[in-house]
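Please read the structure below before turning to the comments.
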Amino acid sequence: MLTTMNSALYIRGSDYETSDAVFGVKELLIVGLETVDKELAEKYGVEEGMKLLRYDFVLTTDEETKKLRHDEAVKAMEGLGREGLTVVDGVVVPDVD
């Protein structure tokens with residue numbers, strides 16, 4: 001089973017490149033558009049001159065995603081000087097004892 005994470009891609013130069021208040025725009029998610037050349041147009045049966053977006057999507061398993069969430073939560077807490085906290089499903093849980 002694969003875990004999905006919703007993200008958005010932003011076209012370089014668009015108004016949304018600097019204004020996504022909910023998720024924030026990471027440089028990794030800003031993409032430029034290319035123009036379809038004659039060779040690609042013939043190969044895929046599309047019109048030459050159309051815009052083309054290229055982006056490498058990476059799929060991860062549930063286990064890979066859980067490990068990454070855990071590791072990032074630990075790293076964030078260490079960055080705040082709060083080591084030794086318990087992390088459950090990527091969420092830091094304070095000790096209440």
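No lab work stands behind these numbers, since they all come straight from the coordinates. Everything numeric in this text was worked out from a predicted model, so none of it was measured. A quick note on method: Cβ atoms are made from the backbone with ideal geometry, for glycine too, and the neighbour counts reach across all protein chains shown.
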Let me check against my output: what whole-number percent is the relative contact order of the chain, with C-alpha pairs under 8 Å and at least 6 apart?
20 percent
One quarter of the C-alpha convex hull surface, i.e. the mean projected area of the chain in nm², amounts to 9.9 nm²
Sorted from largest down, give the three principal axis spans of the alpha carbons of region 57-97, whole angstrom values.
40, 21, 10
Spelling it out for residue 11: with amide H atoms placed in the peptide plane at 1.01 Å from N, the residues 5 or more places away or on another chain with amide H under 5 Å from its amide H are 31
Cα-based helix-to-principal-axis angle, 62-79 vs the chain, degrees rounded to 10
60 degrees
Please list, in chain and number order, the residues 5+ apart from residue 52 or on another chain whose amide H is under 5 Å from its amide H, with Hs placed from the backbone.
34, 35, 36
Proximal lysines to residue 75, defined as alpha-carbon separation beneath 16 angstrom and excluding residues fewer than eight positions away on the same chain
66, 67
How far apart, in nanometres, would the label points at residue 27 and residue 66 be if each is projected 7 angstrom from Cα along the Cα-to-Cβ direction?
3.4 nm
The set of residues whose placed amide H lies less than 5 Å from the amide H of residue 25, leaving out same-chain residues fewer than 5 positions away, is 20
Show that you can apply the helix-only estimate: for the chain, add -39,500 (n - 2.57) for every DSSP H stretch of four or more residues, divide by all residues, and state [θ] at 222 nm to the nearest 500.
-8000 deg cm²/dmol
